[in-house]
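Input: a single structure, listed below in C-alpha cells.
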Amino acid sequence: MEAFLGAFWRAVLVSGALAYPIFKLLLAMKARQTISKHLGESHQAKQGTPTMGGLIILPGLVYATWTGNWAVTVCILSFAAIGFIDDFVVPRLMPGKRGLGWTQKLLMQILSTAAVVQLGWPEGDWIQKGIVGFMILFMANAYNFADGLDALAGGLISLLSLGLLGAAYLLGVGADVLVPVAGALLGATIPFQFLNAPPAKVFMGDVGSLPIGAVLGYCFGVLCSTTWTGYSLTYLWIAWICLGFVMIAELVPVPVQILSVKVFKKRLPIRTPIHHTFEHKGWPESRILFVFLLVQALGVAASMTWILTARSNP
C-alpha cells in the first residue's frame, strides 16, 4: 500500500501542477478535435474542443512509475509518440486527414510492443511474450475506443487501477510493477478528469489513451503470463475477462463489424465502438457513462471474487 500511495501522490502532484499550463499550451497550439460527420448531434457540438489532454497525464505517469523498469517507461513513451503523430503531426502535415490509417497505426504499435516485451521479458519463452504482447495491443486499442464520451475514459481507468491493486494484493505479486503503476494511473488521471468532466473542456486524444491502455495491458500481461502456486491459470484468465469486460465490449465489435462489411457486405445492427449503439438508441451521455462505470465496478468485484475462488481450485 505504501508503494501505491507513494506513486499516487507523485503522479497527482506532478500532473496537477502541469495541468493548467498544458491546457493553455493546447489552446495556443490550436490542437482541436475533429468530430466524425457520422456521429450524432451531441458530438457535433463538441467540434473544436481541444484534444491531446493526455499530455496532462503523461508527466505524472512517467515520473511516478519510474523505478528503473525501462519496459514500463518505453511502453508509455512509445505509444504516446504514436498517439502524438496521430493527433497532431498527420493532421498538420496532411490537411483533411484526421490521423494515421489503421494499418500504419497498428504496425507502429506492433513494433513498440515488440520492444517493450523484449525489455520486460528478455528471457521469457515465446508463449509468455505472446500473451504479454497480445494484452498490450488489445488494451491499447480497447482503451482508445473507450475514449469517446466525456469522463468515460478517466472513470474507467480509475476503477481499473483499483482492480489492478486488488489483484496484486490478492495474488501477492507485482509490488515492483503493478502496485506503483496502479497508483500512478489513478493519480495522474485525476487532474485531467477535472477538465474532462461534462461538458469537457479537453479530450484525452490518442496521445493519452494509447499509452494508458498499453501500460494497462502490460500489467494485465504480468498477471496472465505467469502461473502461481495454488492458482489455476484458467481462473486468472477469467479474472482478466471480468476486469476487462468493458474494454472487451468496446474493442471486439469493431473488427467484427469491419469483417461483416468486407466479407458479407452487410452491417451488423450495432454501432461501434459499442457506446455509440446506446447513443443511437437515444440514451443521453450521462446515462451511458453511469451504466458503463457501474458495469466496470461490477467487473472489478467479479474479478476479485474469481481470484479468491482460484485459491481453492488449483
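Annotations
- Residues (assigned to a helix (DSSP H, G or I) and surrounded by 15 or more Cβ atoms within 10 Å (Cβ to Cβ)) located in the range 122-134: GLN128, LYS129, ILE131, VAL132, GLY133, PHE134
- Yes/no for HIS38 being of a type outside the set (Phe, Trp, Tyr), open to solvent by less than 20 Å² (accessible area, probe 1.4 Å), modelled with pLDDT under 90 and more than 30 Å from ALA175 (Cβ to Cβ): no
- Residue match in the range 77-96 (condition: among the aromatic types (Phe, Trp, Tyr) and either in contact with a Cys (Cβ under 9 Å, 6 or more places away or on another chain) or farther than 23 Å from LYS30 by Cβ (or both)): yes
- Qualifying residue in the range 147-167 (condition: without any contact (Cβ under 8 Å) to a residue 60 or more places away in the chain, in a helix (DSSP H, G or I) and open to solvent by 10 Å² or more (accessible area, probe 1.4 Å)): yes
- Lone qualifier among HIS280, HIS276 - being closer than 18 Å to LEU149 by Cα and crowded, with 18+ Cβ neighbours inside 10 Å: HIS276
- Listing of helices (runs of 4 or more DSSP H) fully contained in the range 245-314 that carry 2 or more residues being closer than 24 Å to LEU137 by Cα and either of a type in the set (S, T, N, Q) or at pLDDT 90 or above (or both): 245-251, 253-264, 285-310
- None of LEU119, LEU137, LEU195 is open to solvent by 20 Å² or more (accessible area, probe 1.4 Å), modelled with pLDDT of 95 or more, within 22 Å of VAL62 (Cβ to Cβ) and not in a loop (DSSP other than H, G, I, E, B) except LEU137.
- Conditions (1) under 19 Å from VAL254 (Cα atoms); (2) open to solvent by 90 Å² or more (accessible area, probe 1.4 Å): number failed by LEU111: (1)
- Looking across the range 246-268, the residues that are of a type outside the set (Asp, Glu) and in contact with a Gly (Cβ under 9 Å, 6 or more places away or on another chain) come down to VAL246, MET247.
The values are calculated or read from the model by the stated rules, or taken from the named source; none is laboratory data. Bear in mind that the values here come from a model prediction, so they are computed numbers and not experimental data. When we count neighbours, we look across all protein chains shown, and the Cβ atoms used for this are built from the backbone with ideal geometry, even at glycine. What goes into the accessible areas is simple: the full protein's heavy atoms, side chains included, and nothing from ligands, DNA or RNA. Shrake-Rupley method; radii C 1.70, N 1.55, O 1.52, S 1.80 Å.
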